[in-house]
Every structure is written in C-alpha cells, then in structure tokens.
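Right, I'll just put the structure down here and ask away after.
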Amino acid sequence: MPRVLFAWTLALALAPALRAADWFQFRGPDGSGHTEAKLPTEWGPKTNVTWRKEVPGVGWSSPVVAGGRVYLTTAVAQSGGYSLRAVCLDAKTGGTVWDVEVFKQGANAPKIHSKNSHASPSAVVEGGRVYVHFGHLGTACLDAKEGTKVWATQELAYKPVHGNGGSPIVAGKHLIFSIDGTDKQAVIALDKTTGAVAWQTPRPLKTGVNPFSFSTPQIITVKGREQLISAGSGSVLSLDPATGKELWRATYGAGYSVVPKPVFANGLVYVCTGYNTPNLIAIKPDGTGDVTATHVAFTVKKNVPHNPSVIAVGDALYMVSDSGTLTCLDAKTGAERWTERVGGNFSASPLCANGLVYLLDEAGTATVFKPGDSYDEVAKNKLGERALASFGVDGDALLVRTEKALYKIEKR
C-alpha cells in the first residue's frame, strides 16, 4: 500500500466515529434543520445548562458535532489583525480538545458588516476530517482528532462585501461552496482529499445586479439524480455536484446579498431572494435550462426573511422575518395560514425537533412552538446574550452559541 494511502486509511481508523444522528454540518444531517432529538423546551442561564464554555474571539459559525466532539471557528484579534482559528470541544464536558490557528488575517482586510464576523461559515465534518472555510480568506482541511492541517488553500481569493458567510458542504468527492464577491461569482468544488479545484461554475450575473451573496448550497435528489442547489444574486442554480454542469436555473430580478439556505420539501425547492425586498419562490426541480417561466410554482412577497432560512414541517412552511414576524404557509400553494408577532430581531435559522419548532432571536431569546393550524407557543427562554448563530444538536441536547460562549442545554 502506498505510504500516503496508508496514512490516510490509518487516520480514518483512529478518528472519532461519525454517528448517524451527528449534527455534522450547518442545519444538520440533511441540511434542512430537522432532528428527531428530544430537546428541552425550557432553559435559562442557570436552568438546564449542562455547561457553558467561553469561546475566545468572535465568530458566528454554528456549532457542528461529530463523534462526541463539537467544532467551531472563531477570529481572535491579534497584532492589528486576526488569528482565524478552529476549536474542538469535548461535547460531554465542554473542555477544549484542541484550538489551532488556520490562517492569519492582516489589519488591511476588508471591513465586515456589524452583524457579521471574520468566522461566520460553519465547519463540516466527514471521514475523520474537519473542513473549515473563511470565505475569501481561505479554506482548510484538518484532522478531526488532533486539529493538524491536512491541506489549506488561499487560491480562491476574491473581493468580498461585508465579509464571509456561506458554509461549505461535502458531496461525494468534493467540498463545495460559493464565492460571491464584487469581482468573482461562482460555485466551487474542491477535491476534498487535496484541496485542488475540481470544478468551478460561474454564475450568470446580469448587468445591474449587486453581485455579492452568502448562501450555503443544498444537495437534493430528484428522480434518483442528485442536484446541487446554490442561490446567489439574481438567480438560483441547479448543478450536477460531480461535474458542476448546469441542470437548470431560475432568476429573480435584482435580488442580492442572498443569505438563507435553499430548502427542499414537498417536491419543491424554496429559495429566498435576498435584499432589498425578499421574495420566497418555490420551484419544481425537474426542468432543464431557464425554468423561470415554467417551473416556479408560486411566489410569496410578504414577511419573507433576509437572513434566517425557512423550515418545512409536513405540508406547512414556516419562516420568521428578520423583524420577528412568524408566518405559516401552505407549502404546496404558498397560501398564508397564519402569522404571529414573536418579537425580537432574527438572524439564526429555525430548528424542528421532535414535533416542535425552535427559534432564536439576536438577543438570545428562544421561542418554542408547536406546528399546527394556529400559533401554539410552548415556551420562551432567555439567555441574555447576543446570538446570531443557528442551533446545533448533540444527542438530546441543544447547543446555543452566543457572542461570548457556547451553551450545552439538556433536561436535567
């Protein structure tokens, strides 16, 4: 056996095993925000908190979990710039397993939005490897057990607006993410074993559309064929994840700074179109070419979020606007069933667990409600710390990242 292959095989054998229910990427195993975990419904700073771990620096990447470990990224101010770091915690105790610098960022880096950080994309864990992405600042693969670098690349630099945002995903042999800056807009696939570019597909950006966006791609399967769904400024693309070949596209005018991750349910792809006035479009994903005129099932224009992703539960689609209006839609027609003002401002995406939906506002207040024909609030919980990251899940425990710390919350 060649030495490189032997080392790779040995590393996989020694790495923490990925459990079936591990929350190993942004929005969970299938990327849609669903889990069967029996999460607590009530908590507070001193209630049902198993541990609270202060995290150095600032980062809004959501916690991901694999093999009993929690992985985060963060940016620590250092000598006029930042140390861009990956952190591994023991999921049982909150203790630090490793904390490593991945890249350095100089003082001349582009400014970020006040609601962003220099470490906003969430990590993804697969096959004993942790993939961390800092947008225009670089991408790296780390050994999950030790935190040592397997590879790192800063080849795909681009000119960002407001910093980084969209998270990567793993699909087959590739690590896939988008770059949507002022000078480049493309969907990128790296060879996950080496970091080399496997394919890149430019976005069809129209003149006059603001080019920057921050969405995370989603893998779906339609009629036995995988599709990679990637939303950007002005359009959403469906690509073959193996080759990057375009399968179909749908356009939505001048929508830009697209943040929410696409969701697939009820045979439809749901996409929020970004700033300035977001719409929600539902697309039938069985077309080819430009399907804007033929495969858009419906469009919703009221109370659509700029930042939180939507969540589908049965034949209902729930979305919370940035300003705190929760809406329940018929997922097949787009008809509004009800709305409720839940208060607060929102950036984090919803979570559905064991028949309940969890929302987290920017002040660290979580609202838990039961999906149904009317609004049915179960609980409202306050941590009192700023929170923009989405939830993570470890077994039957909830992981909540605030500006200062990571909380593990479970019924005690």
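The values are calculated or read from the model by the stated rules, or taken from the named source; none is laboratory data. Please read these numbers as outputs of a predicted model, since none were measured by experiment. Cβ atoms come from the backbone with ideal geometry, glycine included; neighbour counts cover every protein chain shown. Note: accessible area is taken over every heavy atom of the protein model, side chains too, but ligands, DNA and RNA are not part of it. Shrake-Rupley method; radii C 1.70, N 1.55, O 1.52, S 1.80 Å.
Assigning unit charges at the beta carbon (Lys, Arg +1; Asp, Glu -1) and nothing else, what dipole magnitude in debye, to the nearest 20, does the chain show about its Cα centre?
Values: 42 positive and 35 negative charges, 89 e Å.
Approximately 420 debye in magnitude.
Would you kindly work out the equivalent ellipsoid of region 161-270 from its C-alpha gyration tensor and give its semi-axes, the square roots of five times the eigenvalues, largest first in whole Å? Working shown, then result.
On the way: eigenvalues 83, 61, 29 Å².
So the equivalent ellipsoid measures 20, 18, 12 Å along its semi-axes.
Whole number in Å², please: accessible area per residue of the chain, 1.4 Å probe, ligands, DNA and RNA not counted. Mind showing how you got there, number by number?
Numbers: 16160 Å² over 412 residues.
Ligands and nucleic acids excluded, the figure is 39 Å² per residue.
On to the next question. Using the scaling law 2.2 N^0.38 Å as the reference, what is the normalised Cα Rg of region 45-197? Provide the component values of the computation, followed by the final result.
On the way: Rg = 15.2 Å, N = 153, 2.2 N^0.38 = 14.9 Å.
Rounded to two decimals, the normalised Rg is 1.02.
Further, regarding this structure: Ignoring any ligand, DNA or RNA, what whole percent of the accessible area of region 184-332 comes from carbon and sulfur when the probe is 1.4 angstrom? Show your work: numbers first, answer last.
Values: 2560 of 5250 Å².
Carbon and sulfur: 49 percent of the exposed surface of region 184-332.
Compare A265, A107, A366 in a GNM of the chain, Cα atoms joined below 10 Å, and give the one with the largest fluctuation.
Greatest mean-square fluctuation among the candidates belongs to A107.
Over region 300-359, what per residue volume does the convex hull of the Cα atoms give, in whole Å³? If you can, show how the numbers build up before the last one.
Values: hull volume 4.4 nm³, N = 60.
Cα convex hull per residue, to the nearest whole number: 73 Å³.
Roughly how compact is region 128-181, stated as its Cα Rg over 2.2 N^0.38 Å to two decimals? Walk me through the numbers before you get to the answer.
Working: Rg = 11.6 Å, N = 54, 2.2 N^0.38 = 10.0 Å.
So region 128-181 has a normalised radius of gyration of 1.16.
Would you please give the FRET efficiency between D30 and K111, computed as 1/(1 + (r/R0)^6) with r the Cβ-Cβ distance and R0 = 25 Å, to the nearest 0.05?
Details: r = 35 Å, r/R0 = 1.40.
My answer for the efficiency is 0.10.
Against the globular-protein guess of 2.2 N^0.38 Å, express the Cα radius of gyration of region 291-412 as a ratio, rounded to two decimals.
1.10
Ok, one more. Using helices alone, what [θ] at 222 nm do you get for the chain, with -39,500 (n - 2.57) per DSSP H run of 4 or more residues, divided over all residues and rounded to the nearest 500?
Values: 1 runs with 12 residues, N = 412.
Computed ellipticity for the chain at 222 nm equals -1000 deg cm²/dmol.
I need the P(r) histogram for the chain: all alpha carbon pairs, bin width 10 Å from 0 out to the longest distance, whole percents.
All Cα pairs considered, the percentages come to 5, 24, 34, 26, 9, 1, 0.
Using the Kirkwood formula over every pair of different C-alpha atoms, what hydrodynamic radius in Å results for region 209-301?
Working: mean 1/r = 0.0776 Å⁻¹.
Computed over region 209-301, the radius equals 12.9 Å.
Now a separate question. Which whole-number percent is the relative contact order of region 137-269 (Cα, under 8 Å, 6+ apart)? Could you put the intermediate results ahead of the total?
Numbers: 304 pairs, mean separation 24.4, N = 133.
Relative contact order for region 137-269 comes out at 18 percent.
Can I ask one more? Expected output is a single nm value to one decimal: the length gained when fully extending between K173 and A254, i.e. 0.36 nm times separation in residues minus the C-alpha distance. What is it?
25.8 nm
Using a ≥ b ≥ c from the Cα gyration tensor of region 125-226 (square roots of the eigenvalues), is it rounded, prolate or oblate, where a/c under 1.5 gives rounded and otherwise the larger of a/b and b/c decides, a/b for prolate?
On the way: a/c = 2.18, a/b = 1.32, b/c = 1.65.
Note, shape of region 125-226 comes out oblate.
Which of the trypsin sites (Lys or Arg not before Pro) across region 30-99 are loop residues per DSSP, with 15 or fewer other Cβ within 10 Å?
On the way: sites: K38, K46, R52, K53, R69, R85, K92; in loops: K38, K46, K92.
Loop-located and lightly packed - K38, K46, K92.
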